[in-house]
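Peer 1: Sharing a structure here in structure tokens format.
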């Protein structure tokens, strides 16, 4: 079975472990294995924009260099924040000579000389952005092929209406990420179609859910999530599918605050795309971590005749 | 002050323009930190109209751009807007002039923090929230909103 280097990141390692586990279960059934890096650190969650913050580039660069040193050239991530940070760091190492030299000066084992920037020395060109950072969904689309998923389905999700939610950092900034069109993406829609479910069109799929404002300005995030959830619900969605742990937290747990603030609000179940995938590939429900969800997802699965409790007893 | 709901009212009184203020170097500092050209902005307002958080802001993103061009550092670093921005890059991908407005926001946040203004400290988060928010949210908020 093909093994592909995999960076889980801190959320998947602990608080969003159900995303991690469902991804591993699903990929094994699709014929490849997510091979977690032997050692990894936090990537820093948000890529530094200002040129003066070189230190914030070091953690993601070290992860990327370790992957290169172990002889692999593809790194899979699932968390959108890790994906954005690692991919953008790699992009700036690849495209910006000054950043490349600065970063390599920190990664090198030998102490750099003061005038390293002026010297033309290969030591400071050691890691030049060779690793390709890809999202698990990107791997499914480009390397594996969505038709391979359809061939391996053990239960069709026909009859389910699923709303894709992209969020912000999975697609943007487009010139560096280049995953899909930032205004009219189709990668999650095509994924939903490959599971034989029906993707729902609604206007808020790429609108921000508030991201880290959930911590600093929770009310602002509540208002944003209300708009997204209501729009999806009004367009007929049975559930929303996401790939980011923070989007999941905002859209799922925040529904408690939304119900208190808006009397007309009806809850919408939120699922990770990997959960939907592994359900369709026949993984047991007990391994999905559905108990971690604030909004109950059983009505969604009941709708297409999958009774969650029963299967595990069989 | 605008009385229409949903429109962010202009917060500051009419701004004072003198050669000293405009040339004091604030715009150059923002250019330098963000790697963008503030002068490229021609005030089309695309960033403000696309911003999902514009309703929560006291000055709109396009106004931040204009104030920065004119060196009005105080109006910007004392605004709520720079701390409400969630760095979702909507403005960046929609700017017809190709300005990375999110980078500009990061730059003015950094200038504000260099002057000792922090928006969010470790004591402002409730233990229950800290125990359940996924880590990218916690790391993100302190990287963006505190020194």
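The numbers here are math on the coordinates, done by the rules we state, and not lab data. Everything quoted here is computed from the prediction, not taken from an experiment. Note that we place each Cβ from the backbone using ideal geometry, even for glycine, and neighbour counts take in every protein chain shown.
Peer 1: Filter the range A:45-71 down to the residues that are closer than 16 Å to residue A:135 by Cα and not in a helix (DSSP H, G or I) and list them by number.
Peer 2: If the condition is that a residue be closer than 16 Å to residue A:135 by Cα and not in a helix (DSSP H, G or I), then A:45 is the only one that fits.
Peer 1: Please work out if residue A:196 is on the phi > 0 side of the Ramachandran plot, part of a loop (DSSP other than H, G, I, E, B) and touching a residue at least 12 places away in the same chain (Cβ under 8 Å).
Peer 2: yes
Peer 1: Looking at (1) part of a helix (DSSP H, G or I); (2) more than 14 Å from residue A:49 (Cβ to Cβ); (3) out of contact with any helix residue (DSSP H, G or I) (no Cβ under 7 Å at 6 or more places or on another chain); (4) more than 9 Å from every other protein chain (Cβ to nearest Cβ), find the lone condition where residue B:139 falls short.
Peer 2: Here residue B:139 clears every test but (4).
Peer 1: Something else now. Within the range B:115-136, track down each residue that is in contact (Cβ under 8 Å) with a residue 12 or more places away in the chain and in a helix (DSSP H, G or I).
Peer 2: B:122
Peer 1: May I pose another question? Has the range B:69-77 got any residue that is within 21 Å of residue B:15 (Cβ to Cβ) and at the interface with chain A (Cβ under 10 Å from one of its Cβ atoms)?
Peer 2: Step one: list which residues in the range B:69-77 are within 21 Å of residue B:15 (Cβ to Cβ), which gives B:69-77.
Keeping just the survivors that are at the interface with chain A (Cβ under 10 Å from one of its Cβ atoms) gives none.
No, the range B:69-77 contains no residue that is within 21 Å of residue B:15 (Cβ to Cβ) and at the interface with chain A (Cβ under 10 Å from one of its Cβ atoms).
Peer 1: Continuing with the same structure: Out of A:73, A:20, I need the residue that is surrounded by fewer than 20 Cβ atoms within 10 Å (Cβ to Cβ) and touching a residue at least 40 places away in the same chain (Cβ under 8 Å). Which one?
Peer 2: Values: A:20 fails: surrounded by fewer than 20 Cβ atoms within 10 Å (Cβ to Cβ).
A:73 is the lone residue from the list that is surrounded by fewer than 20 Cβ atoms within 10 Å (Cβ to Cβ) and touching a residue at least 40 places away in the same chain (Cβ under 8 Å).
Peer 1: Does residue B:81 fit the bill of being within 12 Å of the chain's Cα centre (by Cα) and within 14 Å of chain A (Cβ to nearest Cβ)?
Peer 2: Yes: the conditions hold for residue B:81.
Peer 1: If you don't mind, there's one more thing I want to ask. Out of everything in the range B:110-124 that is facing another protein chain (nearest Cβ under 9 Å) and either under 16 Å from the mean Cα position of the chain (by Cα) or surrounded by 17 or more Cβ atoms within 10 Å (Cβ to Cβ) (or both), what residue ends up being nearest to residue B:83 (Cα to Cα)?
Peer 2: B:119
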